[in-house]
1. Quick check on segment B:157-168: of everything there that is open to solvent by 30 Å² or more (accessible area, probe 1.4 Å) and in contact (Cβ under 8 Å) with a residue 12 or more places away in the chain, which residue is farthest from the other protein chains (Cβ to nearest Cβ)?
2. Hey, residue A:153 hits all of (1) over 12 Å from the mean Cα position of the chain (by Cα); (2) surrounded by fewer than 16 Cβ atoms within 10 Å (Cβ to Cβ); (3) touching a residue at least 24 places away in the same chain (Cβ under 8 Å) but one; which does it fall short on?
3. Of the residues B:295, B:307, B:265, which is crowded, with 20+ Cβ neighbours inside 10 Å and either in contact with a Ser or Thr (Cβ under 9 Å, 6 or more places away or on another chain) or among the basic types (Lys, Arg) (or both)?
4. Select from segment B:169-193 the residues that are over 21 Å from residue B:117 (Cβ atoms) and either β-branched (Val, Ile, Thr) or touching a residue at least 40 places away in the same chain (Cβ under 8 Å) (or both) and list them in ascending order.
5. Every residue in segment B:77-107 that is within 14 Å of chain A (Cβ to nearest Cβ), in contact with a helix residue (DSSP H, G or I) (Cβ under 8 Å, 6 or more places away or on another chain) and buried (at least 23 other Cβ atoms within 10 Å of the Cβ), please.
6. Go through B:144, B:154 for me and flag whichever is free of Cβ contacts under 8 Å to residues at least 60 places away in the same chain, over 20 Å from residue B:76 (Cβ atoms) and hydrophobic (A, V, I, L, M, F, W, C).
7. Go through segment B:214-230 and give me each residue that's modelled with pLDDT of 95 or more and under 17 Å from residue A:133 (Cβ atoms).
8. If residue B:470 satisfies all but one of (1) crowded, with 22+ Cβ neighbours inside 10 Å; (2) assigned to a strand (DSSP E or B), what's the number of the condition it fails?
Amino acid sequence: MQGMIHHHAQAVEMVALIAARSTDVVLRSLGERIDVSQRDEIAMMQQWLHQHGQEAPDPLPHIGMDMGGHTMPAMPGMLTAAQMTALKAARGRAFDRLFLEGMIQHHEGALEMVRVLFATTGAAQSTAIFRFASDVDADQRAEIARMRAMLATLSPK
Amino acid sequence: MPPVSSSRATRTVALALSVFVVAARAFAQGASTTDPRATLKAGWKDAGEASWNLQVVSSTWKPEAMYDAKNLGNFSFMNSDLAFAGKHVFQGNFNGFQIWDASDLKHLKLTTLYPCPGGQGDLSVWGNLLFMSVEETRGRVDCASGGVKDTVSAERFRGIRIFDITDIEHPKVITQVQTCRGSHTHTLVEDPKDKGVVYIYVQGTSVVRSPSEMAGCSGAMPDKDPNTSLFRIEIIRVPLAHPAEAKIVNAPRIFADSAGAIAGLWKGGEHGAGTQATARTDQCHDITVYPAIGLAAGACSGNGIILDIKDPANPQRIAEVMDPNFAYWHSANFSNDGSKVLFTDEWGGGVAPRCRASDKLTWGADAIFTLQDRALALSGYYKLPVAQTNTENCVAHNGAIIPVPGRDIMVQGWYQGGVSVFDFTDPAHVQEIAYFDRGPLNADTLHIGGSWSAYWHNGYIWSSEIARGLDILELTPSALLTANEIAAAQLVQHDVNNPQNQMQNTWPAQPVVARAYLDQLVRGHGLDAARATAIGAALDAAEAASGAARQGAYAALAKALVADEKGAADPARVKALAEVVGAMAK
């Protein structure tokens, strides 16, 4: 859960880059949706951790500052500091492409985390975690399919 | 001001006007923030309450095993769906089920408390059989708590449990039918040709289990595995004389396209910029069957579908529809005459606040379609018209038709948005006519709660409260719904009621049914006012008479009413009134 919060926070950080770098209305709309869903899920994870007496990271206030990713543990699919730097430097179609590629990589990492969760002895034995993981799985699969389709419509590099 | 061509000026004005109109409409149609429901005091048993045209008959709090005192919003102890049989109400819970004796509506008695974790715990009842949905990986064959630690285990149960409730205080497991995706919900379907069997449609929506645990299970996409456990429902056949022999007899590919591709419906995603992102159609959340008309309405993640169920073991899809405002097609209800289908959108999954003032009234709402010639056409939306707080999970959820003759009225649970009763006779102008709501469970944090489902059953509204218990509500007369209309609805009685198995409502030929139609003619100006008054007097006179004089009075009135049809503003309603009065003459 604590790891997944940082994982989600990176998606929010990526979405925050769209406004100044892309004019694509469909991408902007996708970004808004990812922002809302990831923030909702972060809040849900924080609440769950509080209820279980554990520390809940709150990375969102720091978004916009240069986090660089170097203090966080590596999690499946998370963009490296170099990838984030490249994304921040890109503009227009180049940005759109890097964003979609990066977010697909990011979401596939979340799917991997869910797969590992369900394959871990003793995990997902409360409704809250079971539901959350099932929802992440369904939502992010759908968004990956959507982003792949969007990527296919971008002209080649 | 720079000169502009007149056409451009016209366009500018027109644009400004249209922006104004859209803005004004958005304002007028926005969820109300001044309604009493918007600002109720938070609390568990002491939350603020608001009601309008509804009164609370009783509120029965959860028994101890069914909540977590340290965390009232603990998902593992949510109350879920309801079923009814005789004097008993069956209430599911993610931790098992409860059976209430409702002989005294003001003082329900807990007949049976049956802990058996696994969620969602949706129930159906048929004769001495009770069916229960089990979804989660923590579900155990032996109903014990503690979950199943191993990722592959013979101890795990996900599917449909079947109990014998002959001794209702001591349900006995007869058999348990395992399924690949578990059972999020299920629907009981009778066979019109064979009274000796019932079918259970199993709606699995979550993770597919390992083939090592259950042979043949596969979570792969169809291009990788044509035998995937996704993109289907399972159908269990239950021979009533030998329920232990219940087993899966079919797993129909009800989303297939004409070329046979099993992933034939919505692929998931947005419908263009600014639209909702709709889930992929690889599951049904709910299927509501209506055996009397041989159809079912499936709310199937990315689409609404209509199934022909005359052969219930082999449902055939005959129509499908999608909607760019829907995130997740969740549940369905037919109007009593089968001409309309109301689908709900569970945007946010039921765990998020989606009735805030900033949320669109077409998102997380009901969409009403007319069903004609095997095609669905969008006719209108309804969403709880009042803003709820950030700490109230709120979105369209489960409801049922209230059998008021001559009108399409439904009661529906909106989680912590409470219970709303509305008229959708004219789907383009849906009107709320009653409500009941409580404040949030907690003012600072969202704890899951509210009305999971609100159903009409035998004269009352029954609302399964996720975190609190079971509320029984009674409609009170108003200008929007008269005492006669309520009394007519109360005449419709069903001994058994499994809410996703819709029953056709018919009304006995009684004076109050005629008076309900007459009240509607007066309210809607469907008939000349003086004539309506005279008809009321004629009904009074007939009721005051007895024997042959009464029959004669009804016969004369029926004859006169047939003549009234011509020239009436609402001839269909006058005809319905004439038929009831005519039937009373016999």
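The values are calculated or read from the model by the stated rules, or taken from the named source; none is laboratory data. On a predicted model such as this, the values are computed, not experimentally measured, just so you know. For neighbour counting, all protein chains shown are included, and Cβ atoms are generated from backbone atoms with ideal geometry for every residue, glycine included. Remember, those area values only see protein heavy atoms, side chains included, never the ligands or the DNA or RNA. Shrake-Rupley method; radii C 1.70, N 1.55, O 1.52, S 1.80 Å.
1. The residue in question is B:166.
2. (3)
3. B:265
4. Result: B:187, B:188, B:189, B:190, B:191, B:192.
5. B:77, B:78, B:79, B:93, B:94, B:95
6. Among B:144, B:154, only B:154 is free of Cβ contacts under 8 Å to residues at least 60 places away in the same chain, over 20 Å from residue B:76 (Cβ atoms) and hydrophobic (A, V, I, L, M, F, W, C).
7. Scanning segment B:214-230 gives a single hit, B:230.
8. Looking at each condition in turn, residue B:470 falls short on (1).
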